[in-house]
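Student: Quick one: the structure is below, questions incoming.
The values are calculated or read from the model by the stated rules, or taken from the named source; none is laboratory data. The shown structure was predicted, so the numbers you read here are calculated from the model rather than taken from an experiment. Heads up, the Cβs are rebuilt from the backbone with ideal geometry, glycines too, and the neighbour counts pull from every protein chain shown. Side chains are part of the model used for accessible areas, which takes the heavy atoms of the whole protein and leaves out ligands, DNA and RNA. Shrake-Rupley method; radii C 1.70, N 1.55, O 1.52, S 1.80 Å.
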Amino acid sequence: MTIRHNGVVMNTRDRKHREMQEREAIILECARPMFIEGGYNGLNMDRLTSMLEYSKGTIYNHFSCKEEIIITLAIQTLEKRLAMFEKAALFQGTSRERIAAIGTAAELFVKLYPDHFRVEQTIRLDSIWDKTSEERRQVMSNCERRCIGVVSGVVRDGIASGDLNLKDTTSPEEIVFGLWSLSFGGYSIIATSNSLQEIGISEPFKMLRHNYSRFLDGIQWKPLSSEVDYDAVFERVSEEVFGNELQQITA
């Protein structure tokens with residue numbers, strides 16, 4: 001069976017799929033602030049039902065439990081981060097400048113979605129993760145692998161171009177893990193700590209950028225920070241590649 005929607009011929013299956021996607025988006029839009037404000041215990045299916053025009057059965061047709069909602073919220077933001085990483089990797093510059101561009105994307109992502117770490121760290125708890133479906137866990141893991149793959153690709157480009165010469169005992173994956181550790185650890189601290197100012201860290205994002213540079217200088221990824229102003233590269237990437245995102249942050 002086919003119907004016409006906004007001048008476009010659609011079959012019944014397409015229409016139902018579109019309607020399900022729209023309902024799911026509305027449920028998530030309502031659930032996200034509830035979770036951010038109240039945490040895991042604050043996200044309540046009964047309360048969610050009362051705030052929406054859908055029945056509890058309709059909501060459960062989309063999400064079998066609130067853990068499924070939380071992992072879907074995490075997937076939403078991970079997909080945005082992946083898109084930003086892929087965009088950054090296309091920056092026209094040396095391999096070191098491109099890895100700096102991905103670092104820029106990571107920083108802007110955290111500033112755009114400051115609550116992401118709360119969602120991601122919550123879903124990582126075994127008691128919550130084990131209640132989610134294998135299908136959604138696979139989607140989330142795939143997003144992570146693709147993000148890591150973008151970074152790994154630039155590392156390998158650096159090796160191929162001669163900008164980066166690794167010792168025989170060091171693999172590209174170790175470099176990716178080092179950058180990932182700095183990123184996840186640093187941004188998690190920035191997102192959750194209220195005492196950075198008290199210990200003399202007035203510009204934590206800039207300090208983390210400099211720690212990236214120290215790490216990359218340490219493995220002799222050229223050009224070194226003594227030869228290129230990577231703070232200026234950050235500014236260029238922010239304006240040239242992520243102008244729209246920058247406007248959202250500064251608005």
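Student: Work out the length of the dipole vector of the chain about its Cα centre, built from +1 on the beta-carbon of each Lys and Arg and -1 on the beta-carbon of each Asp and Glu, and round it to the nearest 20 debye.
Tutor: Dipole size: approximately 680 debye.
Student: Further question on the same structure: Pick from 169, 49, 72: which residue has the top mean-square fluctuation in a GNM of the chain where Cα pairs under 10 Å get a spring?
Tutor: So, out of 169, 49, 72, the one fluctuating most is 169.
Student: Dipole of the chain (Lys/Arg Cβ +1, Asp/Glu Cβ -1, origin at the Cα centre): which of 220, 165, 176 lies farthest to the positive side?
Tutor: Result: 176.
Student: How many percent of Cα pairs in the chain exceed 29 Å?
Tutor: Looking at the chain, the distances longer than 29 Å represent 42 percent of pairs.
Student: Another question about this same structure. Dipole of region 92-205, Cα-centred, from +1 at each Lys and Arg C-beta and -1 at each Asp and Glu C-beta, to the nearest 20 debye?
Tutor: That gives a dipole near 200 debye.
Student: Residue 16: which aspartates and glutamates have alpha carbons under 15 Å from its alpha carbon, excluding same-chain residues fewer than 8 sequence positions away?
Tutor: 24
Student: Let me ask something else. Per residue of region 51-57, in order, report the coupling 6.51 cos²θ - 1.76 cosθ + 1.60 (Karplus, θ = phi - 60°) as ³J(HN,Hα) in whole Hz, putting x for Gly and Pro.
Tutor: Couplings: 8, 10, 8, 8, 6, 4, x Hz.
Student: Right, something else. So, with a 1.4 angstrom probe, what is the percent of accessible area on the chain that is carbon and sulfur?
Tutor: Exposed carbon and sulfur together represent 50 percent of the surface.
Student: From the phi of every residue in region 205-219, what ³J(HN,Hα) in whole Hz does the Karplus formula 6.51 cos²θ - 1.76 cosθ + 1.60 yield, where θ is phi - 60° and glycine or proline is x?
Tutor: 5, 5, 5, 5, 4, 5, 5, 4, 4, 4, 5, 5, 5, x, 9
Student: Another question about this same structure. Classify region 16-136 as rounded, prolate or oblate, taking a ≥ b ≥ c as the square roots of the eigenvalues of its Cα gyration tensor: rounded when a/c is under 1.5, otherwise prolate if a/b is larger than b/c and oblate if not.
Tutor: prolate
Student: Quick one: if you stick a label point 7 Å off each Cα along the C-beta vector at residue 240 and residue 160, how many nm between them?
Tutor: Calculated label separation equals 2.1 nm.
Student: Using just the helices of the chain, give the 222 nm mean residue ellipticity in deg cm²/dmol: DSSP H runs with n ≥ 4 each add -39,500 (n - 2.57), and the total is spread over all residues, rounded to 500.
Tutor: -24000 deg cm²/dmol
Student: Can you give the Rg to Rh ratio of region 13-76, both from alpha-carbon atoms, with Rh computed by the Kirkwood formula?
Tutor: Rounded to two decimals, Rg/Rh equals 0.96.
Student: With everything on Cα atoms, drop me the angle between helix 66-89 and the longest principal axis of the chain, reported from 0 to 90° to the nearest 10.
Tutor: Between the helix axis and the principal axis of the chain, the angle is about 40 degrees.
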